[in-house]
Each structure stands twice: as C-alpha cells, then as structure tokens.
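First up is the structure itself, then whatever we jot down about it.
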Amino acid sequence: MSYLSYQFTVSPPEPGSEILMALISEYEFDSFDFNDSGFTAYIKEESATNVELSNFDFEDFKFTCEIKKIPLTNWNAEWEKNFEPVLVDDLLSIRAPFHEKNNKVKHEIVIMPKMSFGTGHHQTTRLVCRAMFETYFNNKRVLDMGCGTGILAILAMQLGATDILAIDIDEWSVENSIENCATNNCSKIVVTKGDIESLENEKPFDMIIANINKNILKKHLEFYAKKLASTGKLFLSGFFVTDMDELKSVAAKHNLKFVSYKNENEWAMMLFEKE
C-alpha cells in the first residue's frame, strides 16, 4: 500500500494552515505534520482520487501544493534522520531504539515505524495518552481501532489492561504494531488486520480507543456503542475542536454520554461513556 504526501506551502502560515487543514480533513488523510511554511498531509494513494483542491480559494491567504509518492523503502531512513523523542508531559517518553532511555519518566514506549503513522508527535496521540493516564485500565478489555504504530495499545497494557485487541486496515501498520509490541514486551496485545466489520463477533470491550478522523468516527459510532460494555469508555480523537458538537450529536443518538474533552491548539479528543 503506497502513500502520497501533499506538501502545502501557505502564506501566511497562520492562521491559513489551520483553516486549510480543517477543510481537507473531510478527505481521508491519515496524518498531518506542521512546519514553518505550512504543513504536509499524508493519504493512501487509492484514497487520493477524491481529493479536489481547485475549489479552495481564499482572500486572506494563498497556498500551493506539491504532491509526492512516498517510496515505502525510504520511510525508515527518513524516520531515523528526523525523529526526536516525544515527551507527554512528565508521564511518558516515546523514543526510537537508537535514542537513550529517559529515566525521568515512569512510562516509556520504544517504536520504529515502517509506513505507519502514530509516532506520538501529533497532538491527537498526546491528547489520548493524557486522557488514558487519568483513566483506570487495570484488568480491562481494550480495543485500539486504527492502531498505526501500536502506541496506544502498548500504553493501555502498561496501565494495566490485560486483554487488548489492536486492529488496522493497513498491512504495514499491522506488521509494525506487531514488531513494536514485541519490542515493548507486550504479550497481552493481539494485533490483527481488518476493518470494523471484522469485529462483529467480538465480545464487548471496557475501553475503545479510536484516533482516526471525523468522518470515519461518525460512521463507526453506532458500532462502538454496540461493542462497549455497560459504563464502558470511548476515547475519540483525530478531529478539530470545531468538530466536537457534530460528534457529540451523533454519539448522543447511540446512548454515548459525553464526559470530558482535551485540546491542544486546534486539535481535540473527547471521552464518552456508555449509558
């Protein structure tokens, strides 16, 4: 499975980048990386056929976009060249094997991604991690939906979860999550390839974590509600603060009670509980 990078140069970068990113999030982009001149968005090549940028015209800022195909074999080299360890407050360090161990934090996750996303650099990953540290995971059954590199599943096990299923539609993500789970001695995590339909026969989960994007989350909310145990908790992220009301409205239709939210800049995560 190949990815494309959409490298946006925005003038001026702020607030133009945030506005443009919010608009293109309607498409199936997997990840966004900010830079000084704009941002880069990543999307699976087969999902890019519907992306149309020619209709976007703004008076307050201008943008250009260069689209590149990402060679799968080059990803690890780029990762090692550019990656810096990630700190989630004083709670968690996310690093690669070639970084030194951080002895000042209690929790550490070591990852080396292939062609998967979820390195901890994005605001949404950090937001979910913070919410997880505030939640009791001991002996819980957990679903990590769209697991990417497996970070959130690994953290769930470190926080005491004993039955964890991590799932992704991307073969690279599945392979990568399996390797990262092994690196972090996470024998209680089962990683599998599939979509939400493949979970039909799974027994209920105490926790469901889904850091994907707004449109997919909206489609999945009914299923999440069905698969959550009574008083089970649902962690949602991958969307903007401006999307929260829309997601709350859909969640309420499926007896998912809004509990709290966190945000970092324009990005948000929300915690729901099954009524």
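Quick check on my filter: what residues within the stretch 16-36 are surrounded by 15 or more Cβ atoms within 10 Å (Cβ to Cβ) and either modelled with pLDDT of 80 or more or closer than 11 Å to Phe61 by Cβ (or both)?
Gly16, Ser17, Glu18, Ile19, Leu20, Met21, Ile24, Tyr27, Glu28, Phe29
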**OP:** Being in contact (Cβ under 8 Å) with a residue 60 or more places away in the chain and among the polar types (S, T, N, Q) is the filter here, so list the residues in the stretch 1-25 that pass it.
**Re:** Ser2, Ser5, Gln7, Ser25
Original post:
Looking at (1) closer than 18 Å to Asp30 by Cβ; (2) outside any strand (DSSP E or B); (3) without any contact (Cβ under 8 Å) to a residue 60 or more places away in the chain, which is the one condition that is false for Ala166?
Top reply: (2)
Original post:
Only one residue in Asn176, Asn180 is touching a residue at least 60 places away in the same chain (Cβ under 8 Å) and either in contact with a strand residue (DSSP E or B) (Cβ under 8 Å, 6 or more places away or on another chain) or not in a helix (DSSP H, G or I) (or both), so which one is that?
Top reply: Asn180
Subject >> Top-ranked residue of the stretch 1-15 - restricted to ones that are at pLDDT 85 or above and outside any loop (DSSP other than H, G, I, E, B), ranked as surrounded by the fewest Cβ atoms within 10 Å (Cβ to Cβ) >> reply: Ser11
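Table: residues versus (1) within 26 Å of Met270 (Cβ to Cβ); (2) assigned to a loop (DSSP other than H, G, I, E, B); (3) modelled with pLDDT under 80.
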| residue | (1), (2), (3) |
| --- | --- |
| Asp60 | no, yes, no |
| Glu66 | no, no, no |
| Ala77 | no, no, yes |
| Val105 | yes, yes, no |
| Ser116 | yes, yes, yes |
| Arg130 | yes, no, no |
| Thr135 | yes, yes, no |
| Asn139 | yes, yes, no |
**OP:** Pairs only if they're at least six apart or on different chains, beta carbon under 7 angstrom, first in the stretch 213-224 and under 11 Å from Ala251 (Cα atoms), second of a type outside the set (Ser, Thr, Tyr) and assigned to a helix (DSSP H, G or I); list them, first residue then second.
**Re:** Leu217/Leu247; Lys218/Leu247; Lys218/Val250; His220/Ile196; Leu221/Val250; Leu221/Ala251; Phe223/Ile196
**OP:** Take the stretch 16-50 and flag every residue that is assigned to a helix (DSSP H, G or I), closer than 17 Å to Thr242 by Cβ and in contact with an Asp or Glu (Cβ under 9 Å, 6 or more places away or on another chain).
**Re:** Gly16, Glu18, Ile19, Met21, Ala22
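The values are calculated or read from the model by the stated rules, or taken from the named source; none is laboratory data. Since we're looking at a predicted model, the values are computed, not measured. Using ideal geometry, Cβ is built from the backbone for each residue, glycine included, and neighbour counts are taken over all protein chains shown.
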